[in-house]
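Below is one structure, written out as structure tokens, with a few remarks after it.
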Amino acid sequence: MRAFAAVVVAVLLTGCGGGSSARHAASAPAAAAPVSGPGPCQAPTVHRTPYPGHGQGLDGLPWIAGAPADTGLIGLLWYWPPRWRTVHDARIWTGGQAPAGYSTKILWVFLGHDAADRADTELRVAGRRMDGPGRFSDSFTGIGYEGSGGAPSYASIIDIPRPGCWRLTLTTGSLRATVDIQAVPAPSS
């Protein structure tokens, strides 16, 4: 069982195990009016408490929760750097890569009580910029790992094209959840 958990962690750290690489980026014309949300970015709180689901090796990862709460959407932030220890709102680097060279990987898990019955084998992530023009979409294949309790899980590399506040809409089967995230440019070397 430990060996299997180690393999799952290795897959997540190296390649996310199943992204479809069907990435589509689309941007609104530069003259388009900004899409505004209800005030500043509503990025969720980054939790540093143990992961609320099951799975070995996941308790040390910061995580965020999506909405609505009944889907039980949790995003485990594999890319979160130690220097962001005092950052409380969800953020991510643009371009799919952190400054240290690793990918902006998020393991999405639906922990809702009927999520396993409502999920499909693919997760679609559609991003819409809330404070200016911009859209992107991507899809990822579900993964399974021992000890997950059957929770639908999807390893992803989120590649946000430019800085700003982005609403991610995650859809699989009849499950639909959203999470806002602040995209920041990687610092110059």
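Worth pointing out:
- Between THR141 and ASP117, residue separation times 0.36 nm minus the direct Cα-Cα distance comes to 7.0 nm.
- Cα→Cβ-extended label distance, 7 Å offset, between THR86 and ASP59, nm: 2.8
- Volume of the convex hull of region 84-152 (Cα atoms only), normalised per residue: 165 Å³.
- The share of Cα pairs per 10 Å bin across region 126-189, counted from zero up to the longest distance, runs 19, 43, 27, 11, 1 percent.
Every number here is computed from the coordinates shown, using simple stated rules; none is lab data. Fair warning: this is a prediction, and the values are worked out from it, not measured in the lab. Please note: Cβ atoms are built from the backbone with ideal geometry, for glycine as well, and neighbour counts cover all protein chains shown.
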